Amino acid sequence: MTRGALVAAVLILLGAAVFAFGQMKPFGDESIDRSQPAMLKSVRDMSQYHAAAGEFQVVLDIENDVKWVPAALAGERTLFVAAGSVNAFVDLGTLKDDGLVLSPDGKTVELRVPKPQLDKPNLHHDRSYVFSQERGLINDLQALAGPPDQQRFYVAAEAKLSEAAQKSEILKRAEDNTRVMLTGMLQSLGFQVKVSTD
């Protein structure tokens, strides 16, 4: 075996040994979680019946211009895709004293339940993102100073989702579902039921 071939063989063997050593991880690496367990801080009773939920998506097109300055120098336009859900609920805890009336013969129950309300939108951060962004030179330089602040997009998205939920059929669906739930529950107890909304 020539000297060159011997050197090549040694290098190959050394490379194989280093690779095998790396695969074995003799020193290992482990992740240690020293976090404290979660603590229950408070408990509150719930009287809300969550009767319907809607999934919504909106594309925000937000542009910030700087007066008298060309867009190539300063300004920003962002397309932000936001996805989230909105729950509609009926707060049975606000049922008025005369909201449940039993007939004299004890066979019929008349219920007057509160109107459904909308929860605050629950924005799905894993499905909300900046789709595209155009920035002027000054804005590009400012972006290098730190991570972009996307809070304003989330706030705007929540407002749009609330608006969409108000215009959707979710409140009507919640009212119908509440009526069906209460009617079925009381009929199973042997009552005839009339449900209306305040």
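The values are calculated or read from the model by the stated rules, or taken from the named source; none is laboratory data. Remember, predicted model here, so these are calculated numbers, not experimental data. Note: areas computed on protein heavy atoms with side chains; ligands, DNA, RNA excluded. Shrake-Rupley method; radii C 1.70, N 1.55, O 1.52, S 1.80 Å.
Summary of computed values
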| quantity | calculated |
| --- | --- |
| Per-residue SASA entry for SER188, accessible area with 1.4 Å probe, Å² rounded to 10 | 90 |
| Of LYS167/LYS194; LYS96/LYS120; LYS120/LYS160; LYS115/LYS167, those spanning more than 18 Å from alpha-carbon to alpha-carbon | LYS167/LYS194; LYS96/LYS120 |
